[in-house]
Amino acid sequence: MPNKKKFLLLWTTLSVYSVVIAQTGVVMQGRMLDSDGGPVGSATIELIKLPDSLRLKTVNSNELGLFEFRNVSAGTYVLVAGSIGYRRNISGPYTVTPDSNIMAGNIKLTRDSLLLKEVEVKSEGTYIERAAGKVVLNVDKSIMASGSNAFDVLRRVPGIQAAADGQISMRGRQGITIMMDGKAVSLSSGDVAEFLRGISAELVDQIELISNPSSNYDASGAGGIVNIKLKKNKKTGTNGSVTGGGGFGENYKSNWALLLNHRQKYFNAYGSWTLNDYRRTDRYQMNRMVYFEGMNEAFDINNHDLKSLSNQNFKVGTDFYISKNQTFGLMYTGMYNSMLSNEENRTILSDRGRVDSTIRTFSKESRTVSNNAFNLNYKLNFKSSAITVDADYLVYNRKSDESLTYNFYNDQNNVYRESSGLKNLTPSHITIQSIKADYSMSLSARRVLQFGVKSSIVENKNKREIENADKADWLTSSFVNDESSFKENIQAVYGNYSQQFKKVKLELGLRGEYTHSSGSSLLGSNLDRSYFNLFPSSSFSFNLNKKHKLVLEYNRRITRPAYDDLNPFRYFLDQYTYREGNPYLRPEYSTSIELTDIYRDRLTSNLSYNYVRDYYLSFTEQNDTSGVSRTIKRNLQGLRSIGMEFDYSLAVNSWFNSILNIQGYFRKFNIGEGGSVQRNSLLVSFSSSNTFKLKKDVRAECNFNYESPTVSGMYDFKSVYVLDFGVGKTFLNNDLALKLSVSDILNSDRNRYTSNLPEVELTGRHKIETRVVRLNLTYKFGRKTVAGSKTRKAGNEAESKRVNN
């Protein structure tokens with residue numbers, strides 16, 4: 001507690017000092033606007049002295065378009081302003097005297113359609129861009145992305161570990177928040193993987209990796225944020241693109257995408273539709289040993305699951321430009337996913353190598369998931385400030401009907417008891433309501449103050465209904481009808497202050513969140529919990545020279561359990577194996593410190609420390625008497641990790657570029673009661689993304705990823721390595737693109753693990769269909785000129801991430 005008080009005191013002192021710091025010398029200020037009167041951020045403004053045309057200083061406009069030059073000496077000057085996609089603007093002359101500041105006023109930039117057309121046709125740029133606290137990947141530059149989906153794209157991102165079974169971590173840390181256009185999605189392992197697999201990569205524009213988010217982001221996500229930004233057309237008139245493709249691995253794949261946009265002076269309408277239709281084979285194997293009173297019994301599980309999936313996503317919206325300073329928007333996003341699973345599970349029971357019996361389980365599951373989300377957005381720009389209001393309403397519905405049949409065989413493979421069966425119905429209904437308001441104010445071109453409030457209410461209702469239930473003891477005692485409900489209310493307020501000095505940029509933030517959650521089930525699992533937390537954040541950027549920049553970051557965050565992880569229902573694989581939710585799972589809290597060195601925007605070195613209290617993971621628990629095992633998430637005492645990361649962008653010549661990423665993390669887990677068991681692990685990963693320009697219109701891409709053996713909780717994981725290759729060619733002045741790719745050429749992307757703890761001895765292997773050959777064709781049509789459009793960020797980002805899909 002004393003350390004927290006010292007930090008808050010330091011934070012307050014620095015904030016007050018930064019606000020009142022004196023400004024010296026003559027200041028020249030102005031604001032960059034586009035032709036619609038909207039602010040132009042990150043524009044470059046040069047201060048040119050007359051009559052000898054000497055370039056004295058260069059600055060960039062902030063997010064509200066404001067800029068300023070300090071300590072300007074007496075004389076006559078002009079300003080030369082520009083930004084990508086705009087014509088250069090020369091304003092002035094301005095006469096500066098020693099006793100008066102200069103207001104340059106509003107400087108307007110107009111779009112350059114010829115320049116934009118050239119930029120679009122060439123479509124060349126950097127695949128990876130780095131800024132303080134953020135890494136941005138331009139997905140459209142990747143050949144391998146074409147025809148695949150958002151999860152496969154994420155799996156190839158440097159710094160991300162995304163296993164085929166859906167486990168995702170960043171810089172060795174789990175509990176990340178995954179966002180789509182600022183709106184978070186579920187992080188419940190395989191469920192979020194299925195959601196991302198339903199998003200066509202053709203719609204993904206950029207992926208942002210934010211390891212230490214500022215306080216204006218929700219505090220959820222102890223491991224950081226991965227924001228997947230979908231494409232939104234900014235061109236005037238009517239335009240769009242259509243994509244179609246197919247692939248084959250063990251089963252067929254097909255994907256379709258349509259993106260449309262119509263923009264005029266006073267409004268912008270847009271829409272998109274994607275369809276991913278495919279089959280996929282999942283294989284799961286586990287061997288578990290039970291030692292009890294002289295028994296040496298083994299449970300060998302072999303599971304084969306053929307899934308037929310159809311994932312559709314819809315997005316329509318419009319922005320109304322009420323005036324030069326006001327924008328009002330409506331947006332609807334919808335998702336409809338269906339899955340038909342034909343699953344066969346075989347469990348062999350043996351004692352000291354001799355087969356006792358076999359249980360064969362046949363499962364047919366039909367599952368549909370629908371998500372309807374509505375967003376209202378209003379933005380008002382003043383001269384040096386802006387107000388944004390978002391209201392959101394979401395409805396998730398999931399229906400899962402599963403029929404199971406159990407067949408029992410003796411050691412001679414003869415039926416020794418009657419088959420049994422049941423029908424398991426598990427409908428789920430979730431509503432999320434949220435409203436947030438943000439205010440951003442430029443105290444000057446170098447100082448920005450932000451603050452905001454947010455309120456959200458989540459209601460989650462689940463049912464489990466059993467039809468024709470077997471009368472066997474294991475079923476009636478463990479797998480009965482139940483109904484659960486969960487409600488959560490989160491109130492949040494935040495403030496964030498940033499200031500740019502000559503060589504230093506300071507950003508300080510503080511967020512407060514009050515949470516009240518309650519839940520109950522018919523079987524007696526009741527929960528009522530309230531808590532308030534403060535989440536400070538800070539960032540210090542030091543420009544040592546033109547080539548070197550140092551960034552020091554600190555933050556504290558929370559990861560609340562996914563709603564499905566709190567659901568107390570049991571889901572059986574067979575009568576000896578099931579998974580179960582934990583309604584008493586506690587949130588985890590993380591504290592992170594990172595030091596980053598950026599050299600010439602090519603070599604980035606990062607040193608990080610992370611401590612997570614109440615870290616939770618999946619554990620397998622075993623009853624030695626009955627031989628039954630369950631998988632459940634439970635809290636550990638804590639996790640500590642320290643690591644290093646190196647990222648290097650290498651341009652050998654005009655036809656070859658490579659991005660190399662190396663990470664190493666040492667982690668210490670405290671598991672067991674009171675941290676009685678400590679487990680240490682070292683995780684090393686390496687990735688290489690290589691692009692070859694074979695001809696003017698032909699490119700090739702080769703990616704390789706490797707992860708070393710490591711430890712996570714009670715499990716020891718083996719190494720993983722993946723090799724991908726693709727080639728692409730453009731036609732018709734780059735309006736038509738043909739891409740061929742092969743993912744996981746070596747078919748080596750699998751999850752293998754063991755546990756040798758006294759409580760449980762097991763080995764497991766999970767392999768899904770990852771080796772796929774794809775052929776994809778994209779055609780762009782419509783006008784080429786670009787006009788600005790706002791970025792939409794819904795207000796329910798922290799809540800919808802915890803919903804299963």
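What to note about this one:
- C-alpha center-to-center spacing [the range 236-256, the range 385-439] in angstrom: 28
- Sites Asp99 and Ile642, calculated FRET efficiency, Cβ-Cβ separation with R0 56 Å, nearest 0.05: 0.55
- Asn138/Leu595 FRET efficiency (R0 41 Å; Cβ-Cβ; nearest 0.05): 0.95
- Its residue count N fixes a reference of 2.2 N^0.38 Å for the range 128-802, and the Cα radius of gyration divided by that reference is 0.98.
- At most 11 other Cβ within 10 Å, DSSP loop - trypsin sites (Lys or Arg not before Pro), the range 658-713: Lys696
- Legend: distances between Cα atoms for Lys253/Lys633; Lys718/Lys767; Lys324/Lys503; Lys503/Lys547; pairs beyond 24 Å are Lys253/Lys633; Lys324/Lys503.
- Equivalent ellipsoid semi-axes - Cα gyration tensor, the range 597-755, angstrom: 41, 22, 12
- Pairwise label distance in nanometres, Val698 with Val773, each label 7 Å out on the Cα-Cβ vector: 1.9
- Full extension of the chain between Ser73 and Leu376 yields a length gain of 104.3 nm, computed as 0.36 nm times the residue separation minus the alpha carbon distance.
- Each of Leu544 and Arg586 was given a label point 7 Å from its Cα along the Cα-to-Cβ line. The distance between the two points is 4.1 nm.
- The Leu746 and Asn397 beta-carbon pair, evaluated with R₀ = 41 Å, returns a calculated FRET efficiency of approximately 0.55.
- Quick note on the range 677-739: its Rg to Rh ratio, both from C-alpha atoms and Rh being the Kirkwood radius, is 1.30.
- Using a simple spin-label model with pseudo-atoms 7 Å out from Cα toward Cβ, Asn733 and Lys364 lie 5.5 nm apart.
- Distant-in-sequence amide H partners of Gly30 (H built 1.01 Å from N, under 5 Å): Phe67, Ala104
- Highest mean packing first, where packing is the average number of other Cβ atoms within 10 Å per residue, the peptides 433-441, 542-550 line up as 433-441, 542-550.
- When each of the peptides 563-576, 255-268, 726-739 is scored by the mean number of other C-beta atoms lying within 10 Å of its residues, the order from highest to lowest reads 563-576, 255-268, 726-739.
- Projected area, mean over directions - the range 526-648, Cα convex hull, nm²: 11.1
- Viscosity 0.692 mPa s, 37 °C: Kirkwood-radius Stokes-Einstein D of the range 454-591 over Cα pairs, µm²/s: 174
- When the pairs Lys265/Lys379; Lys265/Lys436; Lys231/Lys502; Lys315/Lys399 are compared against a 26 Å limit on Cα-Cα distance, Lys265/Lys436; Lys231/Lys502 fall above it.
We did not get these values from a lab; they are worked out from the coordinates using the rules stated. Owing to the predicted nature of the structure, the values given are computational and were not obtained by experimental measurement. Cβ: placed from backbone, ideal geometry, glycine included. Neighbour counts: every protein chain shown.
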